[in-house]
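Notes follow the structure.
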Amino acid sequence: MASKTISFRIFLHDQLVDTRAFEQEVIKLGRLASSHLRLEDEAVGRMHAVIEVGQAGEVRLIDLGSATGTAVNGSTIDRNQVLSSGDALQIGPYRLELAIADAVAVANSEPARAVAPTVNTMNAQITTTATAPAAPNIDLSKVEDNSQQVAEVITSYGRSILDVSHVGQARSRKRSATPLMALGGVLLAGGLGLFTYEVAQPWEAYSQALVEANQAHAEAPAKPGFGTGSLGMFLALMGLVPFV
């Protein structure tokens, strides 16, 4: 496989914020801490895109089904596109200006005639060793969201990735809603029970006895029930909330 050096000039809102260079076959771009080129913005997908160097040396950009898409030179790509040196990638608010060159291989084919390196050779050695730092080992359980189950379907030809799609299934809300509905049912039944109990008390007889006590200037009779009618109505209304 032809080795390539892929360099990026990274602009955020038209301001240069970083430059990076890679010599690996696959470069991951996204918001995750495990991405080789991490772009922190809500418009950037967690695993937004990858850049892959193919067998013949072609450099291909593959969008991983991101919500906002990926554009090359102002045009949104359809899943994947071959890149050339000088292309400008747009990912969320970031613009990535691309430079692609053959990686410089420093080899001494005649060790018996080794001589002191010239200035050009020394520069080539410095260029070769100035690769991007390896991505740190990250505990993905601390940065990835496991609340969704997502299947990644990859279509490839040989070692080249042609298409990537994601089939996701959000965590069932029914499972979490069932306990709330059960609690709501208990509150509704209890509230209606309290309210019905209060309504069923002999309020007519109490009213008549109260009138007679007032006329006789006697002590007022005790109210029937426990005075929980308002509480029962409140609990019943609260019990309806999970069903709305």
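The values are calculated or read from the model by the stated rules, or taken from the named source; none is laboratory data. All values reported here derive from a predicted model rather than from experimental measurement. All Cβ positions, glycine included, derive from the backbone under ideal geometry; neighbour counts span all protein chains shown.
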Conditions first: (1) surrounded by fewer than 17 Cβ atoms within 10 Å (Cβ to Cβ); (2) of a type in the set (Gly, Ala, Ser); (3) not in a strand (DSSP E or B). Ala99 passes all but one, so which condition is the exception?
(3)
Can you name every residue in the stretch 1-25 that is touching a residue at least 60 places away in the same chain (Cβ under 8 Å), in a strand (DSSP E or B) and of a type outside the set (Gly, Ala, Ser)?
Lys4, Thr5, Ile6, Phe8, Arg9, Ile10, Phe11, Leu12, Arg20, Phe22
Can you name every residue in the stretch 78-95 that is under 15 Å from Val59 (Cα atoms), in contact (Cβ under 8 Å) with a residue 24 or more places away in the chain and assigned to a strand (DSSP E or B)?
Asn80, Val82, Leu83, Leu89
State yes or no: is Gly193 closer than 20 Å to Ala236 by Cβ and modelled with pLDDT of 80 or more?
yes
Only residues that are modelled with pLDDT of 90 or more and in contact with a helix residue (DSSP H, G or I) (Cβ under 8 Å, 6 or more places away or on another chain): list them for the stretch 58-107, please.
none
Counting only residues that are of a type in the set (Gly, Ala, Ser) and assigned to a strand (DSSP E or B), which one in the stretch 26-50 is nearest to the chain's Cα centre (by Cα)?
Gly30
Return the residues of the stretch 51-75 that are in a strand (DSSP E or B), β-branched (Val, Ile, Thr) and under 11 Å from Leu89 (Cβ atoms); say none if nothing qualifies.
Ile51, Val72
All positions within the stretch 194-214 that are assigned to a helix (DSSP H, G or I), free of Cβ contacts under 8 Å to residues at least 40 places away in the same chain and either touching a helix residue (DSSP H, G or I) at 6+ places or on another chain (Cβ under 6 Å) or closer than 13 Å to Gly227 by Cα (or both)
Thr196, Tyr197, Glu198, Val199, Trp203
Inspect all residues belonging to the stretch 70-77 and state whether any of them is without any contact (Cβ under 8 Å) to a residue 60 or more places away in the chain and buried (at least 20 other Cβ atoms within 10 Å of the Cβ).
yes
